[in-house]
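These notes concern the structure reproduced below.
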Amino acid sequence: MRHRLKAFFQSVQHHVPLTAAIGLNLILILCAFALKADGDMRSSALLSVAGNFHILALHLPAALLLIVPLLEFWEKHEVATVSIRRLSLICAGGTWIAALLGVFHAHFNGYSGDAVQLHLWGGVAASVFASAAWLALDQSRIKRLATQALAVGVMSFAAHIGGELVHEEGFPFRPNKIAANHAGKPGAKATYKNTGNTYADIIAPILEARCVSCHGAKKVKGKLRMDSLEALKKGGGSDDPVYTPGDLKKSGMFTRINLDPKDDDFMPPKDEKPLTKSQVKSIGLWIEGKTIPDDVAKAAFEEAQGGK
Ligand code: HEC
């Protein structure tokens with residue numbers, strides 16, 4: 001009996017790593033399904049702050065994920081060393097934590113959109129692969145390296161989408177606008193042309209430069225997209241209309257850019273530069289259906305070009 005019990009515990013002990021890795025990653029997947037990234041902000045100060053820490057927490061496992069195969073490659077041990085095992089364990093645990101905090105970040109801090117979904121599930125996959133790389137440590141060096149390379153690939157993909165979310169599309173390969181201009185690449189400064197279509201000529205370029213990074217296909221803050229006229233008419237998550245032709249008061253996009261910049265509802269939010277006077281004026285005149293004087297339109301357009 002005692003022998004049997006001992007054998008049982010030994011076999012359980014033997015399977016602890018596998019069980020823990022599968023169990024924890026299943027919890028992560030369940031959380032990702034249950035805690036939706038639907039653009040709503042939720043009031044849990046603790047989980048909201050925990051979510052913010054996603055941005056901090058992800059750097060340690062990302063670095064370890066590269067260091068482990070580098071050491072393996074360098075040291076050429078047929079059997080994984082203790083340091084490799086420890087670093088790999090910290091990496092798998094760290095990736096899991098970073099991914100879970102990411103799920104909180106999206107759910108509690110109001111993220112949604114295709115890129116957010118892609119980044120979120122990429123992060124979940126990165127955790128699964130980082131765990132796999134840890135579980136594969138008893139395998140031959142080549143098999144270990146192959147699993148680690150796979151994990152690096154998945155993580156790089158998730159990290160790239162994440163980078164684009166924080167910065168802009170094409171990050172980090174696209175130089176800043178001025179540099180792109182010099183190189184004659186797309187993104188070069190456009191010149192203002194009055195074709196008679198006020199929305200396309202002036203308004204869309206302003207919104208594109210100053211609002212669409214948060215209100216576009218990739219990130220949809222406040223459940224509002226501002227990348228087409230239809231989307232503006234449709235409005236956002238609240239019942240307040242965003243754009244009502246002829247009625248400034250029923251146009252949230254106008255009231256919000258005219259608030260006191262310290263107001264919580266001011267758009268674009270606090271850490272961004274407010275719209276310029278000509279841009280605010282152009283948007284107002286456009287909503288009222290009035291003609292925008294050419295010099296105001298030209299200034300508003302050109303100021304949008306610098307990303308201002
Ligand atoms: C840095 C991200 C960011 C930028 C840039 C941004 N917004 Fe927002 N916007 C938000 C967030 C977050 C919300 C949801 C919270 C709220 O309602 O204040 C929101 C909500 C809104 C809403 C309310 C939608 C609804 O129905 O609840 C309007 C209108 C709006 N923004 C207009 C604008 C305009 C106009 C611009 C460009 C001048 C802009 N936003 C730029 C983040 C941003």
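The values are calculated or read from the model by the stated rules, or taken from the named source; none is laboratory data. Predicted, not measured: the structure shown is a model, and the values here were computed from it. Every residue, glycine as well, gets a Cβ built from its backbone with ideal geometry; the counts of neighbours run over all protein chains shown. The accessibility values were calculated without ligands, DNA or RNA, using every heavy atom of the protein model including side chains. Shrake-Rupley method; radii C 1.70, N 1.55, O 1.52, S 1.80 Å.
A few points about this structure:
- Nearest-10 value in Å² for the accessible area of Ser228, using the 1.4 Å probe: 30
- Low-density loop positions, trypsin sites (Lys or Arg not before Pro), the range 12-87 - DSSP coil, at most 16 other Cβ in 10 Å: Lys36, Arg42, Lys76
- Stretched out straight at 0.36 nm per residue, the stretch from Asp239 to Ser11 would grow longer than its current Cα-Cα span by 76.2 nm.
- When nucleic acids and ligands are ignored and a 1.4 Å probe is applied, Ile202 ends up with an accessible area of around 10 Å².
- Positive-end residue of Val82, Phe254, Ala304, charge dipole of the chain with Cβ unit charges: Val82
- Placing unit charges on the Cβ atoms of the charged side chains and taking the dipole of the range 15-166 about its Cα centre, the candidate lying farthest along the positive direction among Ala151, Phe53, Gly102 is Ala151.
- His160 contributes about 70 Å² of solvent-accessible surface, heavy atoms of the protein only, 1.4 Å probe.
- Accessible heavy-atom area order of Leu137, Leu259, Leu26, highest first, probe of 1.4 Å: Leu26, Leu259, Leu137
- Taking all protein chains together and a 1.4 Å probe, the residues Val154, Val166 rank Val166, Val154 from largest to smallest accessible area.
- Within the range 4-106, GluC sites (Glu not before Pro) in DSSP loop having at most 12 other beta-carbon neighbours inside 10 Å: Glu78
- The fraction of all Cα pairs in the range 177-305 landing in successive 10 Å bins from 0 to the largest distance is 13, 43, 35, 9, 1, given as whole percents.
- For Thr255, Thr95, Thr19, the ranking by accessible surface with the largest value first comes to Thr19, Thr255, Thr95, using a 1.4 Å probe.
- With Cα atoms, 0 to 90° folded angle of helix 2-34 axis to the chain main axis: 10
- Our estimate of slack between Val166 and Ser83, defined as 0.36 nm per intervening residue step minus the Cα-Cα distance, is 26.5 nm.
- If you plug the beta carbon distance of Tyr199 and Phe173 into 1/(1 + (r/R0)^6) with R0 = 30 Å, you get a FRET efficiency near 0.45.
- Residue-averaged [θ]222 nm for the chain, counting only DSSP H segments that reach four residues, each worth -39500 (n - 2.57): -19500 deg cm²/dmol
- Annotation for Lys262 and Ile142: the two label points, set 7 Å from Cα along the Cα-Cβ direction, are 6.8 nm apart.
- Long-range HN-HN contacts of Val220 with modeled amide H, under 5 Å: Ser112, Gly113
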